[in-house]
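The values are calculated or read from the model by the stated rules, or taken from the named source; none is laboratory data. Keep in mind that what you see is a predicted model, and the values were worked out from it rather than measured. Note that we place each Cβ from the backbone using ideal geometry, even for glycine, and neighbour counts take in every protein chain shown. What goes into the accessible areas is simple: the full protein's heavy atoms, side chains included, and nothing from ligands, DNA or RNA. Shrake-Rupley method; radii C 1.70, N 1.55, O 1.52, S 1.80 Å.
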2 protein chains.
Amino acid sequence: MSVTAAQGFTAAGIAAGIKANGNPDLALVVNNGPRLAAAGVFTSNRVKAAPVHWSEQVLRGGIVSAVVLNSGGANACTGPKGFQDTHATAEKVAEALGGEHNAGEVAVASTGLIGVLLPMDKLLPGIDTAVAALTADGGEDAAVAIKTTDTVHKTATVSEGGWTVGGMAKGAGMLAPGLATMLVVLTTDADLDSATLDRALRSATRTTFDRVDSDGCMSTNDTVLLLASGASGEVPAYEAFAEAVRTVCDDLARQLIGDAEGASKDIRIEVIGAADEDDAVEVGRSIARNNLLKCAIHGEDPNWGRVLSAIGTTKAAFDPDRLNVAINGVWVCKNGSVGEDRDLVSMKGREVRITADLATGGESAVIWANDLTAEYVHENSAYSS
Amino acid sequence: MSVTAAQGFTAAGIAAGIKANGNPDLALVVNNGPRLAAAGVFTSNRVKAAPVHWSEQVLRGGIVSAVVLNSGGANACTGPKGFQDTHATAEKVAEALGGEHNAGEVAVASTGLIGVLLPMDKLLPGIDTAVAALTADGGEDAAVAIKTTDTVHKTATVSEGGWTVGGMAKGAGMLAPGLATMLVVLTTDADLDSATLDRALRSATRTTFDRVDSDGCMSTNDTVLLLASGASGEVPAYEAFAEAVRTVCDDLARQLIGDAEGASKDIRIEVIGAADEDDAVEVGRSIARNNLLKCAIHGEDPNWGRVLSAIGTTKAAFDPDRLNVAINGVWVCKNGSVGEDRDLVSMKGREVRITADLATGGESAVIWANDLTAEYVHENSAYSS
């Protein structure tokens with residue numbers, strides 16, 4: 001159901017010829033109102049792609065009438081020409097939609113290889129094709145068109161009390177967002193203003209996309225947008241709406257981890273007993289990024305020593321002699337030393353749960369990561385060649 | 001020539017049976033004086049192995065008469081029993097050497113799997129064997145006995161003006177020291193006090209071992225010791241001595257990178273144009289730890305976009321639109337955008353040079369790293385099983 005699950009939206013996904021293999025590569029999402037409220041969060045990488053610079057400006061106005069997304073090229077590190085191309089893309093969308101809305105209300109997102117200009121001779125005509133293909137059930141096609149190395153397209157929907165939040169996401173590598181992540185478009189027909197959308201979106205991404213750390217590599221193009229059409233006429237209570245947004249974000253974030261490049265395991269790292277949430281996140285991220293541990297988990301080896309060596313590199317509050325670690329529920333490390341028999345740990349399933357107890361306070365956080373595999377190496381050795 | 005290149009030292013390397021495969025696993029280095037001055041630097045990981053805790057105490061006295069090192073077990077995260085075992089090992093060495101020196105002058109170092117107690121019933125008798133095997137040319141045997149996943153043993157020597165600095169190192173994985181690294185023992189017959197040794201050693205490790213970042217994983221056992229016998233009777237000028245220590249450390253550090261687990265490339269990352277040295281090191285380390293870039297280099301793909309995305313995650317001073325990146329001398333990125341033709345870059349050799357110009361100031365730093373390969377994944381998936 002994707003971005004067209006909510007009333008008031010049309011979408012399309014088509015093949016514009018940006019990808020050499022002819023797969024779909026251009027998605028368009030249009031908000032038909034009556035409201036055009038929007039919020040967005042973007043990568044905290046200081047090297048930002050042209051479409052991120054553009055869309056940050058668009059979102060400052062709190063109004064988005066359309067989002068155009070392309071795969072097949074990130075338009076990052078492409079200089080002034082790259083920014084001109086993004087601007088021209090937004091102008092073309094505004095014009096092709098009949099000129100009712102100006103380019104300043106069109107958000108742009110791109111994904112693919114960094115450092116290559118987009119083939120504008122293919123992209124601009126593709127926008128006409130996409131506009132002609134817009135339908136009220138085009139959400140799935142749009143979700144397919146934003147895939148890069150994704151093996152599946154990713155959508156999620158929550159409906160309640162007459163209003164709906166739906167969304168689509170793409171992402172399979174360079175997956176360690178700092179403030180936002182990957183390309184995600186969420187839509188709702190709830191009748192809410194952009195300030196409320198912004199609050200709900202930031203609250204949701206903070207504990208969902210921001211807690212995904214597949215490979216420690218932060219993208220230049222991460223974008224999450226939330227558009228509201230108001231078409232349901234419903235004004236949900238803030239808490240109920242925020243929870244729905246969080247649920248959709250969490251669902252999409254889990255799908256991203258589940259489809260991470262070359263991964264054979266999804267690793268749920270829960271840090272408990274932390275003095276504060278920042279400590280819990282710092283420790284979780286350090287564990288998530290430890291290549292040796294990621295290899296061990298790939299080998300189904302409950303190597304808790306690598307968890308402790310990762311915790312030891314952080315500034316979090318803990319006493320090394322009080323640390324406890326469980327893998328899939330077996331406390332293999334107690335008080336910083338050998339605990340229960342590691343042979344009791346079964347790691348056959350795709351999901352592996354690591355619990356790290358800092359034994360210092362009452363705060364916690366969950367980070368999701370993936371294992372490190374020969375397939376990841378293979379896929380990312382060959383990506384641009 | 002290793003640790004016995006300098007006069008006044010004897011050493012041995014033997015198989016005590018700690019390793020299941022029967023390979024050498026116990027090394028002993030003895031300072032026969034007349035001086036027994038020493039300095040040491042240790043891992044900055046807050047989870048420290050028992051022998052690190054012990055040896056830090058020993059080095060506080062500035063006197064080391066012997067160093068005993070075992071492979072086959074790290075004695076890390078082994079609780080009070082692990083520390084007792086380290087203490088017993090030092091006591092046994094002091095006793096076996098004739099009781100002239102006490103255990104408080106015996107440094108201990110261990111390497112191998114974390115979280116497993118050492119087989120003391122094999123280690124302690126092994127010390128008698130090692131003492132019996134001590135010779136003035138035992139440095140090579142000692143260097144062999146500290147290997148774990150190392151494919152070669154690593155030694156280096158500098159001699160000048162009647163005095164010598166020599167050393168041995170082990171290390172092939174979990175190789176991203178924060179203050180020190182791996183197991184390294186350096187010896188000299190120069191007649192210098194421990195304060196001078198300490199100054200020269202810290203100065204050398206700061207720009208050699210501390211600039212090695214093979215896989216981003218900091219060990220619990222990193223130890224670098226420098227022992228002086230004074231046996232040459234020479235008192236070199238500080239600068240000449242410090243430079244000799246730096247040369248030996250640099251040589252050993254390069255050997256570590258060259259033997260890193262599963263690596264097919266040695267990556268020399270030079271950050272130039274930085275506002276200060278800390279910025280240069282932060283940026284170099286961020287590039288060194290980017291798994292996607294490490295994969296790209298393995299695939300001989302000059303993917304400079306991944307260099308920029310790594311730089312963008314740092315707090316260093318730079319303007320994204322002024323960044324320049326060269327790979328093997330070809331400036332593939334200029335002013336944050338496409339530069340010279342990437343097809344001009346040849347990456348066939350083992351060494352790959354990345355130059356990142358922050359275009360902000362005049363400071364620089366060099367970090368050494370490795371590529372990420374299927375062999376690294378394979379080796380580290382199977383290590384403890």
| query | Tell me, which residue of region B:114-125 that is away from chain A (no Cβ under 14 Å) and within 10 Å of B:Thr89 (Cβ to Cβ) is surrounded by the most Cβ atoms within 10 Å (Cβ to Cβ)? | reply | B:Leu123
| task | Would you mind stating whether B:Ala27 is over 19 Å from the mean Cα position of the chain (by Cα), away from chain A (no Cβ under 14 Å), within 19 Å of B:Ala133 (Cβ to Cβ) and not polar (S, T, N, Q)? | result | no
| note | For region B:86-104 the number of residues that are open to solvent by less than 80 Å² (accessible area, probe 1.4 Å) and touching a helix residue (DSSP H, G or I) at 6+ places or on another chain (Cβ under 8 Å) is 13
| What is the residue count in region A:54-83 for residues that are over 17 Å from A:Met182 (Cβ atoms) and more than 10 Å from chain B (Cβ to nearest Cβ)? | 11
| note | All-but-one check, B:Lys315 against (1) at the interface with chain A (Cβ under 7 Å from one of its Cβ atoms); (2) within 19 Å of B:Asn290 (Cα to Cα), failing number (1)
| What single numbered condition from (1) in contact with a helix residue (DSSP H, G or I) (Cβ under 9 Å, 6 or more places away or on another chain); (2) surrounded by 24 or more Cβ atoms within 10 Å (Cβ to Cβ); (3) within 20 Å of A:Gln255 (Cβ to Cβ) fails to hold for A:Asp150? | (2)
| task | Scan region A:176-186 and give yes if some residue there is of a type in the set (A, V, I, L, M, F, W, C), open to solvent by less than 40 Å² (accessible area, probe 1.4 Å) and on the phi > 0 side of the Ramachandran plot, otherwise no. | result | yes
| said: Please verify whether A:Phe83 is of a type in the set (Phe, Trp, Tyr), at negative phi and surrounded by fewer than 21 Cβ atoms within 10 Å (Cβ to Cβ), treating the condition exactly as stated. | reply: yes
| Considering B:Arg35, B:Arg60, which residue is surrounded by fewer than 20 Cβ atoms within 10 Å (Cβ to Cβ) and closer than 22 Å to B:Asp198 by Cα? | B:Arg60
| Given A:Glu239, A:Glu270, A:Glu243, A:Glu234, which one is more than 30 Å from B:Lys294 (Cβ to Cβ) and either in contact (Cβ under 8 Å) with a residue 40 or more places away in the chain or hydrophobic (A, V, I, L, M, F, W, C) (or both)? | A:Glu234
| Which one is most open to solvent (accessible area, probe 1.4 Å), of the residues in region B:251-284 that are part of a helix (DSSP H, G or I) and of a type in the set (Gly, Ala, Ser)? | B:Gly258
| task | Would you check if B:Ile287 is within 22 Å of A:Gly79 (Cα to Cα), within 12 Å of another protein chain (Cβ to nearest Cβ) and in a helix (DSSP H, G or I)? | result | yes
| query | Checking B:Ala274 against (1) in contact with a His (Cβ under 8 Å, 6 or more places away or on another chain); (2) at pLDDT 95 or above, which single condition isn't satisfied? | reply | (1)
| said: Could you go through region B:42-56 and let me know if any residue there is part of a helix (DSSP H, G or I), out of contact with any Ser or Thr (no Cβ under 7 Å at 6 or more places or on another chain), of a type in the set (Lys, Arg) and at negative phi. | reply: no
